[in-house]
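Colleague: Handing you a structure now.
Values quoted throughout were computed directly from the atomic coordinates according to the rules given, and no laboratory measurement underlies them. Small disclaimer: the values here were computed from a predicted structure and weren't measured.
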Amino acid sequence: MRSNSFLSVLFLLTFCFTSFAQTTEAIPLATVEYQALVDLYNATNGDNWTNKWDITTNDIHLGNWHGVTAENGHITEINLRNNRIRGAIPASFGNLKFLKKLDLYGYNSHDLSTTDLNNLSDLESLEDL
């Protein structure tokens, strides 16, 4: 009887660990969302940001995209406070359909004055700007 209990516990632990490993696996971003981030970086002088992104690969889940939160392969939050963003938010930014929070506050460090505000109108999930 003791052997059956041990095997049951072992099976349960193996199943739980396997399930957990599958849910934490990195999911690549949707291509249009990745491209929207690359376009934002390029259009706002990303090479001169305080906290730069490595835009060479779609690897946001490796943690090298400062201020970006992704869930289930979609961008849900961008927080680039005081990051010296200068330029215009590109039209492709509207492809971030799952973006809930956008924080681009930058006291005297940002200049997005040339942005066409229509580029933000397609952000259908945006709750906090």
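Colleague: Just subtract the alpha-carbon distance of Thr31 and Asn82 from 0.36 nm times their residue separation and send over the number in nm, one decimal.
Modeller: Residue separation times 0.36 nm, minus the Cα-Cα distance, leaves 15.6 nm.
Colleague: Pull up all non-local amide H partners of Ala70: gap of 5 or more, or a different chain, and H-to-H distance under 5 Å with H placed in the peptide plane.
Modeller: Result for Ala70 returns Thr76.
Colleague: Could I ask something else about it? Search the structure for amide H atoms under 5 Å from the amide H of Asp103, placed 1.01 Å from N in the peptide plane, and list their residues when 5 or more places away or on another chain.
Modeller: Residues meeting the amide H criterion: Ile78, Asn79, Leu80.
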